[in-house]
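The block underneath contains the structure these notes are about, expressed in structure tokens.
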Amino acid sequence: MTTGDAISLFLKDEAATIRFGEDLALALKAGDCLALSGDLGAGKSSLARAILRAMADDEGLEVPSPTFTLVQSYDLRIPVSHFDLYRLGDPAELTELGFDEALQNGICLVEWPEMAEGELPETRISLRLEHEGAGRRATIAAAEKTAARIRRVLDIRSFLADAGYGEARRRFLIGDASLRAYESVFPKKGERKILMDWPPLPDGPPVLDGKPYPKVAHIAENAYPFVAVANALRERGFAAPEIYKVDYNKGILLIEDLGSEGVLDDAGRPIAERYRQSVACLAHLHSMQIPRDIPVSATHTHHIPDFDRTAMKMEVRLVLDWHIAWKRGTAPTDAEREEYLAIWDDLIDELKSAETNLLLRDFHSPNIIWRGHESGIRRIGIIDFQDSMIGPTAYDLASIVQDARVTIEPDLFRQLMDDYLKIRRAQAGFDEGEFMKAWAIMSAQRNCKLAGLWVRLLQRDGKSGYLKHMPRTLAYLRVALEHETLAPLRDWCARAGIGQSES
């Protein structure tokens, strides 16, 4: 497929050209200029049309030739401008056509790029189509990182072919806050499947004791934890996705589609029945002891890590490192830092008697699928559990009853807590007092982490959208701080100016 730094592949027919266009649509990002070269009839327009229809997820999308208008724009998931420069009088006219603005805001597909060679960005993706026998030869040259994106989607196509779905239709589904991305895969026969694109990454810089953040915080770095926990949950009757095929080295998984309905209404508000079912499902999970070591293959057993002191303190440090300076304009003093971390040492000591079991870690609305056609615990589809740990079960209850991305009003909060506790009280050995203490500590731990994380996403990553969750996060934190065990943290937060609602 590859020759040197170039990417070369044979497209045996029109269907292969369309599939290649669909694959390219998954690789392209805002700021990409795809320069399509080739003789008349080489397939440039067919390829551009396939890319646009895939981006629109509309196989019937009208894609008129821009031969006379020179440019046709599409308001899609990523805006796309389709240029045909065959009739361009002067390369300088490209600016008048709005090329620079289109490239800044989206993707530019350019047929006949030779007509404006000096005006196109040096970072463009050059794709040449040539007749070869009954098919076509596509040759692509691009910068290293861009070429890697294209190779990745072609590797995924090869993975699907090995799984028996080489001709399946692929569409972008979602990209989450991590570096994973998801595709919808539509086989010619059968139901939709989900592809998880989880490329391996090198270790980041050391943050503590010479270890990078993922190792300190026990963040999954490959697909083994996901497969292990999925299997363990399914074996116990929970609705976790079946794993159809996985390439552990490349980080590509083909998994079951659990559905597309969530637990929020069209206005983004919690649907009480679905949250109550979710809490009941969680209570059932907490009644089962999940093994710490789960065989994944003949040669690999996944050991579920502990949510230990180091990981907990690493997360709550986000308040010190990001939130305080953002809130009051000055960084925490050494004395403030020392007192805060000492308080957390004491709180973590209080967890020694807490009930521990599997923590899904992010059991909240983005990761819960509503399956109304099922019954019991199978009505709740569970995803995104690759970072699961062993720790206080109260953590996951805090995650759902204080959903980070949607406001849980006090009445619903009390109902959910009552539902959970009623189920757990009927189970032997449940210590409600110890559980509620652990719940308050875990709620405070999670919300301190989030209060810092939202600021980090804004200031370090340029993602301002998460800041809208800050008032909710601080309100949730205030609820946790009401517990008597958290009085020292409550006093510290008051002195540091943490806990007030932000506008």
Could you grab me the full set of residues in segment 218-275 that are farther than 23 Å from Ile290 by Cα, open to solvent by 60 Å² or more (accessible area, probe 1.4 Å), of a type in the set (D, E, K, R) and assigned to a loop (DSSP other than H, G, I, E, B)?
Lys250, Glu261, Asp266, Arg269
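Restricting attention to segment 185-195, report how many residues are surrounded by 12 or more Cβ atoms within 10 Å (Cβ to Cβ) and touching a residue at least 24 places away in the same chain (Cβ under 8 Å).
Step one: of segment 185-195, the residues surrounded by 12 or more Cβ atoms within 10 Å (Cβ to Cβ) are 185-187, 192-195.
If we keep only those that are touching a residue at least 24 places away in the same chain (Cβ under 8 Å) as well, we get 185, 192-195.
So the count comes out to 5.
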Can you find, within segment 196-217, the residue that is farthest from Lys313 (Cα to Cα) among those that are open to solvent by 40 Å² or more (accessible area, probe 1.4 Å) and over 20 Å from the mean Cα position of the chain (by Cα)?
Pro205
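Suppose we filter segment 322-337 for residues that are over 24 Å from the mean Cα position of the chain (by Cα) and not in a loop (DSSP other than H, G, I, E, B); how many remain?
First pass over segment 322-337, keeping only residues over 24 Å from the mean Cα position of the chain (by Cα): 324-337.
Now drop any that are not not in a loop (DSSP other than H, G, I, E, B), which leaves 324-328, 334-337.
Qualifying residue count for the region: 9.
For residues that are out of contact with any Asp or Glu (no Cβ under 6 Å at 6 or more places or on another chain) and either surrounded by fewer than 16 Cβ atoms within 10 Å (Cβ to Cβ) or not hydrophobic (A, V, I, L, M, F, W, C) (or both), tally how many sit in segment 136-152.
10
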Among the residues of segment 33-72, write down those that are touching a strand residue (DSSP E or B) at 6+ places or on another chain (Cβ under 8 Å) and over 24 Å from Arg87 (Cβ atoms).
Ala54, Met55, Ala56, Asp57
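Do we find that Asp257 is of a type in the set (Asp, Glu), without any contact (Cβ under 8 Å) to a residue 60 or more places away in the chain and more than 25 Å from Tyr420 (Cα to Cα) in this structure? Give the derivation first.
On the way: of a type in the set (Asp, Glu): yes; without any contact (Cβ under 8 Å) to a residue 60 or more places away in the chain: no; more than 25 Å from Tyr420 (Cα to Cα): yes.
No, not satisfied.
From Gly452, Gly499, grab the single residue that is touching a residue at least 12 places away in the same chain (Cβ under 8 Å), in contact with a His (Cβ under 9 Å, 6 or more places away or on another chain) and small (Gly, Ala, Ser). First the steps, then the outcome.
On the way: Gly499 fails: in contact with a His (Cβ under 9 Å, 6 or more places away or on another chain).
The unique qualifying residue is Gly452.
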Show the residue pairs that are 6+ apart or on different chains and have beta-carbon atoms under 6 Å apart, the first residue being within segment 213-235 and within 18 Å of Pro199 (Cα to Cα), the second being in a helix (DSSP H, G or I).
His218/Ala311; Glu221/Pro214
Single residue of segment 327-381 satisfying the filter (open to solvent by less than 10 Å² (accessible area, probe 1.4 Å) and among the β-branched types (Val, Ile, Thr)) that is farthest from Arg234 (Cα to Cα)
Ile368
Please go through (1) in a loop (DSSP other than H, G, I, E, B); (2) open to solvent by less than 30 Å² (accessible area, probe 1.4 Å); (3) in contact with a helix residue (DSSP H, G or I) (Cβ under 8 Å, 6 or more places away or on another chain) for Ile294 and return the number of the only condition it doesn't satisfy.
(1)
Quick one: how many residues across segment 470-497 are open to solvent by 10 Å² or more (accessible area, probe 1.4 Å) and within 29 Å of the chain's Cα centre (by Cα)?
6
Got at least one residue in segment 398-415 being more than 26 Å from Lys215 (Cα to Cα), of a type in the set (A, V, I, L, M, F, W, C) and exposed (fewer than 15 other Cβ atoms within 10 Å of the Cβ)?
no
Odd one out for Arg180 among (1) out of contact with any Asp or Glu (no Cβ under 9 Å at 6 or more places or on another chain); (2) of a type in the set (D, E, K, R); (3) without any contact (Cβ under 8 Å) to a residue 40 or more places away in the chain:
(1)
For segment 181-207, what are the residues that are of a type outside the set (Gly, Ala, Ser), more than 23 Å from Ala56 (Cβ to Cβ) and not in a strand (DSSP E or B)?
Lys189, Trp198, Pro199, Pro200, Leu201, Pro202, Asp203, Pro205
Ser178 fails exactly one of (1) among the small types (Gly, Ala, Ser); (2) outside any loop (DSSP other than H, G, I, E, B); (3) modelled with pLDDT under 90, namely (2)
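Going through segment 218-258 one residue at a time, which ones are aromatic (Phe, Trp, Tyr) and either farther than 22 Å from Ala283 by Cα or more than 17 Å from the chain's Cα centre (by Cα) (or both)? Let's see the steps before the verdict.
Taking segment 218-258 and keeping what is aromatic (Phe, Trp, Tyr), we get 224, 226, 238, 244, 248.
If the condition is that a residue be aromatic (Phe, Trp, Tyr) and either farther than 22 Å from Ala283 by Cα or more than 17 Å from the chain's Cα centre (by Cα) (or both), then Tyr224, Phe238, Tyr244, Tyr248 are the ones that fit.
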In segment 423-434, is there at least one residue being open to solvent by less than 40 Å² (accessible area, probe 1.4 Å) and out of contact with any Phe, Trp or Tyr (no Cβ under 6 Å at 6 or more places or on another chain)?
yes
One residue from Asp155, Asp100, Asp84 being of a type in the set (Asp, Glu), farther than 26 Å from Gln72 by Cα and surrounded by 13 or more Cβ atoms within 10 Å (Cβ to Cβ):
Asp155
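Please specify each residue of segment 17-27 satisfying the condition of being open to solvent by less than 10 Å² (accessible area, probe 1.4 Å) and not aromatic (Phe, Trp, Tyr).
Passing the criteria: Thr17, Gly21, Asp23, Leu24, Ala25, Ala27.
The values are calculated or read from the model by the stated rules, or taken from the named source; none is laboratory data. Fair warning: this is a prediction, and the values are worked out from it, not measured in the lab. Ideal geometry is used to build each Cβ from the backbone, glycine not excepted, and the neighbour counts take in all protein chains shown. Ligands, DNA and RNA are stripped out before the accessible areas are found, and what is left, the full protein with its side chains, is counted by its heavy atoms. Shrake-Rupley method; radii C 1.70, N 1.55, O 1.52, S 1.80 Å.
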